[in-house]
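Okay, so here's the structure we're looking at.
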Amino acid sequence: MNVLLVSIDSLRRDFLGAYRDTPDVVDYEVKTENLDRFAERATVFDANYAGSLPCMPARREWLAGVREFLWRSWGPIEPFDRTIPQLAREEDIVTQLVTDHYHYFQHGARGYFEDFNGFDFVRGHEYDAWKTAPREPDSELIDQINANSPESQRFLNRAAYARNVEEFDDYSDFFAPKVFSKAVERIEGNSKWDQWFTYVDSFDVHEPFHCPEPYASMYTDEDPEDVDLPVWPYYGRVKEGQSELSKRELDFVRSQFAGKVTMVDEQFGRLLDKLDEEGLWNETMVVVTSDHGYFLGDHGWIGKNDPPVYDVLARTPLMVWHPDSDREGEHVDALTSAVDLYPTILEGLGINAPEWTHGHSHLPVTLGEHDDHRDWALYGYWGATMNVTDGQYTYHHPNRGAEPPLNHSTSMVNPYGWFVPPEVQQEATAGEFLPYTDAPVWRYAPSNQDGPEEHLKVSVQHDEPLLYDTEMDRRQETNIADTDAEKQSEMLNLLVDAMESLEAPQTEFDRLELGRSA
Amino acid sequence: MIIIVSLSMAFLECCLNNVSSDARVALGESDHDVRETFCLDRCGDCYDRSFLVVDGELRTGNSHMDLLESVDDQPKGYEE
């Protein structure tokens, strides 16, 4: 069996027809006819949750089967990881990565693409350090992407994007068309091998929401090149600070996000056509998912990272086609988690997953052998709030700041500053700190968290416990933590049980002020 | 001539990665409305020096204490 994995970054599932007729934040339908076409033949998972957030932590879950955020921030593949392409090589399975996801090639991450037999990297998205000319890029786009210091040579200058796309002419120059064109080509080539695993990792629909026509005008009457309208808003609250957006600006951002969704959908359709053309459906398992969603004014936020980890971010699309499944087009409510993709894909390839993985294959759900899968899913960002769901209720436990979080890695990375050169962690200690490997790792707190206890309190995400019943309150607008003490206690116990079952470090319990189960 | 058109407190945003423990306390004790975030997407400045985003505008300096003083000297609505 071949496996084709397609991840579409930042894809909110409510923008897909398979999940909702009209997205929550707009009053128009967004065209996703190809993803919907795929959903008609796939098993559609209604309760799939992210695990470690955001982008690269999600990819370590998928490719290496590690629920990393309990131990580590954004970082590299570790020497003790056994990635899918590593394991596939041992079975003579050809592996291919096609991506424009430049984080693979940036400070903070390494080891993700190196294991594939082949990889394509479409250059230029977001901050990709690609072009250095022209010195003075398109001034209108500079305004629209909020590039404040085009001349600065410091890391992550937004002007890099304007330089990268300066010579783009029509939609075919843009990222999703290039990625999926290359993917179609690779599928055709790989089909000549006995068995293959192809991973198409599209950075779109991630910002900047800089859309070519016809997509830029598809969902708005505004002039998409109006310099007063942003295509790359800062993350944060929409009513304050640098992330503040007027209603007109927010409406425009939403329209450009929607345009990108439709653009990616049309490109994804080319992959489906290629599978048709090559007659590959009967020998190929196809998985479509996303790493996380994106706030578009939901709960007053734009972007991600700082808001509470609401379902708009964490409850992600997942659709799986397997030729032996009878669940074509069926929606299933089995609770699944990002890390489960690792053993699922390995099982699809006919490879036994390592015993230590944190994931559990949900292929039996797709094959109709089971209806249920998990009792809980744990998710969040390293060092921040801890979130758990049982598939109906979500409970979000605040970071109490009682202790600094500790980063565990064979590398000295910047736990909070992922994209700049790593710093020496002078206070690091080494030891066998991880429960799933006997490999020694460094353990260290962020270097700016060395003060007394009262100095550690960080107020990102939220200060108080949050509890939601997502069946009664799908958009999580009513926090019932104060009114349903019994359910809160139940979910708190589930959270502790989940952390204990993963053998989370004691420091995680300490910083969250969580006791052990009786 | 200097005209102060408003003496209202400033809205300050800072990055978790950029503030020291002491700076966090100083910011918290200031009279300004302060938000500490995971990332303000100012990574280049964050890597090199202390910074704050003051009422939506980037300000950089050698320390957050200096920056706080500059905010007190040049509050929101400052015009010269």
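No lab work stands behind these numbers, since they all come straight from the coordinates. What you are looking at is a predicted structure, and each value in this text was computed from that prediction instead of being measured. Glycine also receives a Cβ, built like all others from the backbone with ideal geometry; neighbour counts cover every protein chain displayed.
Rank by packing, highest mean first: peptides A:464-477, A:239-252, A:420-433, A:335-348, with packing defined as the count of other Cβ atoms within 10 Å averaged across residues.
Numbers: A:464-477: 15.8, A:239-252: 17.4, A:420-433: 12.9, A:335-348: 26.0.
So the order, starting with the most tightly packed, is A:335-348, A:239-252, A:464-477, A:420-433.
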Among bridges DSSP assigns within chain A, what percent are antiparallel (round to 5)? 50 percent
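Okay, helix-only estimate at 222 nm for chain A: each DSSP H run of n ≥ 4 adds -39500 (n - 2.57), divide by all residues, round to 500 deg cm²/dmol; what do you get? Working shown, then result.
Details: 12 runs with 124 residues, N = 518.
Calculated mean residue ellipticity at 222 nm is -7000 deg cm²/dmol.
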At q = 0.22, 0.26, 0.30, 0.32 Å⁻¹, the log10 of I(q)/I(0) for region A:312-358 from a Debye sum over equal Cα scatterers comes to -0.98, -1.15, -1.23, -1.26
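Using a 10 Å cut-off around each Cβ of peptide B:21-28, what is the average number of partner chain Cβ atoms that fall inside? Walk me through the numbers before you get to the answer.
Numbers: counts 11, 5, 3, 9, 5, 0, 0, 4.
Mean inter-chain Cβ contacts per residue within 10 Å come to 5.
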Over chain A, what relative contact order in percent results from Cα pairs under 8 Å that are six or more residues apart? 22 percent
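Assuming R0 = 22 Å, what is the FRET efficiency of B:D73 and B:R49, from their Cβ-Cβ distance, to the nearest 0.05?
Working: r = 19 Å, r/R0 = 0.86.
Given R0 = 22 Å and the Cβ-Cβ separation, E is 0.70.
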Please report, in whole Å, how far the alpha carbons of region A:333-431 spread along each principal axis, starting with the longest. 52, 34, 26
Taking N as its residue count, the alpha carbon Rg of region A:130-286 over 2.2 N^0.38 Å: 1.22
Residue-span extension gain [A:F168 to A:T483] - 0.36 nm each, minus C-alpha spacing: 107.9 nm
Mind ranking A:228-238, A:378-388 by how tightly packed they are, going by the mean number of other C-beta atoms within 10 angstrom, highest first? A:378-388, A:228-238
So how strong a dipole does region A:377-511 carry about its Cα centre when Lys and Arg Cβ are +1 and Asp and Glu Cβ are -1, to the nearest 20 debye? 460 debye
Give me the distance in nm between label points sitting 7 Å out from Cα along the Cα-to-Cβ direction at A:E503 and A:K192, one decimal. 4.7 nm
Would you kindly work out the equivalent ellipsoid of chain A from its C-alpha gyration tensor and give its semi-axes, the square roots of five times the eigenvalues, largest first in whole Å? 31, 29, 25
With +1 assigned to the C-beta of every Lys and Arg and -1 to the C-beta of every Asp and Glu, and no other charges, what is the dipole magnitude of chain A about the Cα centre in debye, to the nearest 20? 1160 debye
Identify the GluC sites (Glu not before Pro) of region A:53-100 meeting these criteria: DSSP loop state and at most 16 other C-beta atoms within 10 Å of the C-beta. A:E91
Set the bar at 25 Å for Cα to Cα. Now go through A:K31/A:K178; A:K260/A:K304; A:K239/A:K487; A:K131/A:K178; A:K178/A:K247 and name every pair that lies beyond it. A:K239/A:K487; A:K178/A:K247
Which far-off residues, 5 or more places away or on another chain, put their amide H under 5 Å from the one on A:I145, with H placed in the peptide plane? A:V231
So for region A:54-113, Kirkwood radius off the Cα pairs, Stokes-Einstein at 25 °C and 0.890 mPa s: how many µm² s⁻¹? 203 µm²/s
Could you list the square roots of 5 times each eigenvalue of the Cα gyration tensor of region A:377-511, that is, the equivalent ellipsoid semi-axes, sorted largest first and rounded to whole Å? 31, 17, 13
For A:E423, list long-range residues whose amide hydrogen, built 1.01 Å from N in the peptide plane, is under 5 Å from its own amide hydrogen. A:N414
Rough spin-label spacing in nm, given labels placed 7 Å along Cα→Cβ, for B:E29 and A:E29: 6.1 nm
For peptide A:232-241, how many partner chain Cβ atoms fall within 10 Å of a residue's Cβ, on average? 4
Could you tell me the center-to-center distance, by alpha carbons, between region A:244-271 and region A:275-326 in angstrom? 16 Å
Roughly how many nanometres apart are two label points built 7 Å out from the Cα toward the Cβ at A:E355 and A:A129? 4.3 nm
Straight distance only, please: which lysines reach the Cα of A:K192 with their own Cα at less than 20 Å, same-chain residues fewer than 8 apart left out? A:K182, A:K274
For peptide A:419-425, compute the average count of partner chain beta-carbon atoms within 10 Å of each residue's beta-carbon. 2
Equivalent-ellipsoid semi-axes (√(5λ), Cα gyration tensor) for region A:1-132, whole Å, largest first? 28, 19, 17
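What number in nm² do you get for region A:148-213 if you take the convex hull of its Cα atoms and divide its surface by four?
Details: hull surface 25.0 nm².
The orientation-averaged projected area of the Cα hull of region A:148-213 comes to 6.3 nm².
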